[in-house]
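The next block holds one structure in the form of structure tokens; read it before the comments.
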Amino acid sequence: MKYECTQSSKQSGSTLIEVLITVLVLSIGLLGMATLQFDAVKLNHDAFLRSQAVNLAYDMSDRIRSNRSAARDGDYDTQPAPSGVDATAAADITAWQANLAAALPTGTGTIARNSEEFTVQVCWDESRGGGAPATCFSFVTGL
């Protein structure tokens with residue numbers, strides 16, 4: 001019996017370099033997806049903080065409109081701090097500022113009156129310790 005051994009000039013299977021390139025491409029893709037997910041979570045949190053600020057600004061504007069006599073007397077102005085403030089207005093401002101501090105990171109708020117219009121401004125820090133300036137939302141309402 002005669003056995004012939006033939007060598008194939010074609011190579012079958014994959015080489016180690018092909019596997020390494022595939023792993024590299026796959027890892028870059030997964031890293032990109034992780035970055036997108038991180039950005040989505042961050043932007044979702046920023047949107048949540050903004051909606052909290054809007055709700056708190058609307059809350060204060062509703063409090064101002066419900067106590068028109070004290071609002072016309074300037075009892076809701078926080079700059080400069082009013083003297084001889086109506087008890088309801090003082091309680092509203094205190095509760096509002098406590099809600100700001102609880103709902104927003106370093107949340108603060110100011111109210112400024114200009115005749116029959118009030119500007120309610122809510123500021124908070126969404127930089128997560130990055131040193132960026134505070135983000136503010138202003139809302140103008142009339143009596």
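The values are calculated or read from the model by the stated rules, or taken from the named source; none is laboratory data. Quick caveat, the model's predicted, so the values are computed rather than measured. Note that we place each Cβ from the backbone using ideal geometry, even for glycine, and neighbour counts take in every protein chain shown.
Remarks
- Test: residue in the range 52-73 that is in a strand (DSSP E or B), in contact with a helix residue (DSSP H, G or I) (Cβ under 6 Å, 6 or more places away or on another chain) and among the β-branched types (Val, Ile, Thr): no
- Listed here are the strands (runs of 3 or more DSSP E) enclosed by the range 90-143 that have at least 2 residues being within 15 Å of residue 51 (Cα to Cα) and of a type in the set (S, T, N, Q): 135-142.
- Considering the range 48-70, and only residues there that are small (Gly, Ala, Ser) and in contact (Cβ under 8 Å) with a residue 24 or more places away in the chain, the residue that is surrounded by the most Cβ atoms within 10 Å (Cβ to Cβ) turns out to be 53.
- When each of 92, 77 is tested for being at pLDDT 85 or above and either charged (D, E, K, R) or more than 31 Å from the chain's Cα centre (by Cα) (or both), the lone residue that passes is 92.
- Pairing each residue of the range 90-108 that is farther than 17 Å from residue 74 by Cβ with any residue that is crowded, with 21+ Cβ neighbours inside 10 Å and β-branched (Val, Ile, Thr), provided the two are 6+ apart or on different chains, yields C-beta distances under 8 Å for 100/122; 104/122; 107/122; 108/122.
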